[in-house]
1. Between Ile106 and Leu51, 0.36 nm times their residue separation minus their Cα-Cα distance comes to what?
2. Using a 1.4 Å probe and counting only protein heavy atoms, arrange Thr34, Thr44 so the residue with the most accessible area comes first.
3. Determine how large the accessible area of His46 is when every protein chain is in place; take a 1.4 Å probe and give Å² rounded to the nearest 10.
4. 7 Å from Cα along Cα→Cβ at both Ser61 and Arg14: what's the point-to-point distance in nm?
5. Of Trp57, Trp67, Trp20, which has the most accessible area and how do the rest follow, probe 1.4 Å?
6. Give me the three principal axis extents of the chain from the C-alpha atoms, as integers in angstrom, largest value leading.
7. When the chain is fully extended, how far beyond the present Cα-Cα distance does Gln98 get from Thr44, taking 0.36 nm per residue of separation?
8. Segment 5-69: percent of C-alpha pairs farther apart than 12 Å?
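The values are calculated or read from the model by the stated rules, or taken from the named source; none is laboratory data. None of these values were measured; they are calculated from a predicted model. In this analysis, Cβ positions are derived from the backbone assuming ideal geometry, glycine residues included, and neighbour counts consider all displayed protein chains. Calculation scope for accessible area: heavy atoms of the full protein, side chains included, ligands and nucleic acids excluded. Shrake-Rupley method; radii C 1.70, N 1.55, O 1.52, S 1.80 Å.
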Amino acid sequence: MTSPQKPLPDVNDRHRAPFWAAAREHQLKMQKCTACGYVRWPATQHCPECLDENDNWVALSGKGKVWSFGIYNHLFNAAFADDMPYDVALIQLDEGPQMYSNVVGIDPDLLVPDMRVEAVFEDVTPEVTLVKFRPAS
Ligand SMILES: [Zn+2]
């Protein structure tokens, strides 16, 4: 019997494809509005601040802090059995956006709000690289 597969993101999504392409290169990139400079996530056609449609994908530092988190002690998907328990964290990036991810390389019970973290890249398949975070060195 083969192990169940974890769900994977649609890396060809028309708004988010540049994010996944950058992740494959082990870079964290997000849209920066060319009109007002607002850096946004998730990717959208219009800037939520000024509604302009023009943007550039810019490289971010990958640094931020844990804004909030939850620890999963109950298995909802058998594909995650080897990860139990695991965290889902809301990361406040230094450039402004917040994104959901996992903090890896630490016992989830040791997570605390405001913990400094940095991005790490997990190559899952040749097409999919996930952006996760670890405690900052
Ligand atoms: Zn804008």
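1. 15.9 nm
2. Sorted by accessible area, descending: Thr34, Thr44.
3. So the heavy atoms of His46 present about 80 Å² to solvent.
4. The two pseudo-label positions are separated by 3.5 nm.
5. Trp67, Trp57, Trp20
6. 49, 35, 24
7. The span from Gln98 to Thr44 would gain 18.0 nm if fully extended.
8. When every Cα pair of segment 5-69 is considered, 70 percent fall beyond 12 Å.
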